[in-house]
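Worksheet: one structure, shown below.
The values are calculated or read from the model by the stated rules, or taken from the named source; none is laboratory data. Computed from a predicted model, the values in this text were never measured in an experiment. In this analysis, Cβ positions are derived from the backbone assuming ideal geometry, glycine residues included, and neighbour counts consider all displayed protein chains.
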Amino acid sequence: MRHIWLLALIAFGSSRFPGVLTLPEAHPGKPSSATTAAGGGNGGGAGGGGEASTDYSEYDEEEPQRSPGNLAKSTAGPKLPLPYFDQPKVDVYVGPNDSSVKVECPVKNYNAQHHAILWYKDDSAISNGNTLFSTVYGLDTNFTLTVPVAANATDGQKYSCHVMPPDVRREVTIHLGLEPSTPAPASATAQPTSAEGSAPVLQDSGLWMLLLLAALQLAVRY
């Protein structure tokens, strides 16, 4: 009897309240309630679009640093020719009546944007570019240095012109007095002229003529 009443109760309840004792069937193709709620919220905010949320977790990782390509490579500029002097060492002579002397700095391959010229007396700098450290000297736009020559100046003063970089130098030695004369070559020595050279020969021939005439006179007489 107990089982009969139980079966009757189940039958009565399922017919009177359908779905109370039975479980709903699963629908695998439909999204879950949380996703549906999220989609519904977004759809409501966008005017009822109802689009599903997109997962951006795969983009959270940092992208690897990309090299800037050719911009990262430093391109070297054109190579400048090195400055130089035709005569690295010269001697300059000052006459007794000269009160100053000009000392030149004829550098080759000079570039004003990359090179600087400095003048030194012995080991002391007296100019840097167009700036003089002493008012005693003079300097023009060609970096020609004007050196005063006093009465008590010492012979053999040394000045040097430095081109930086790469520190190419031209040494100038100032001497007091006139420049010594250059000895003449052997081929340029004076030679006796033809008249001077023939004078002794003519004198000897005249003597022989006199002797010959004297002998002929003696022969005629005797």
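Brief remarks on what is shown
- Checking the range 178-201 against the condition returns no match, with no residue being at negative phi, in a strand (DSSP E or B) and either of a type outside the set (A, V, I, L, M, F, W, C) or modelled with pLDDT of 85 or more (or both).
- Residue within the range 141-154 that is in contact with a Leu (Cβ under 6 Å, 6 or more places away or on another chain) and of a type outside the set (A, V, I, L, M, F, W, C) present: no
- Checked against (1) over 17 Å from Thr173 (Cβ atoms); (2) in a strand (DSSP E or B); (3) in contact with an Asp or Glu (Cβ under 9 Å, 6 or more places away or on another chain), Ser127 meets all criteria but (3).
- If the condition is being without any contact (Cβ under 8 Å) to a residue 12 or more places away in the chain and over 22 Å from Pro180 (Cβ atoms), then the range 88-122 contributes Ala112, Gln113.
- Scan of the range 138-185 for residues that are among the β-branched types (Val, Ile, Thr) and surrounded by fewer than 11 Cβ atoms within 10 Å (Cβ to Cβ), ordered by number: Thr141, Thr154, Thr182
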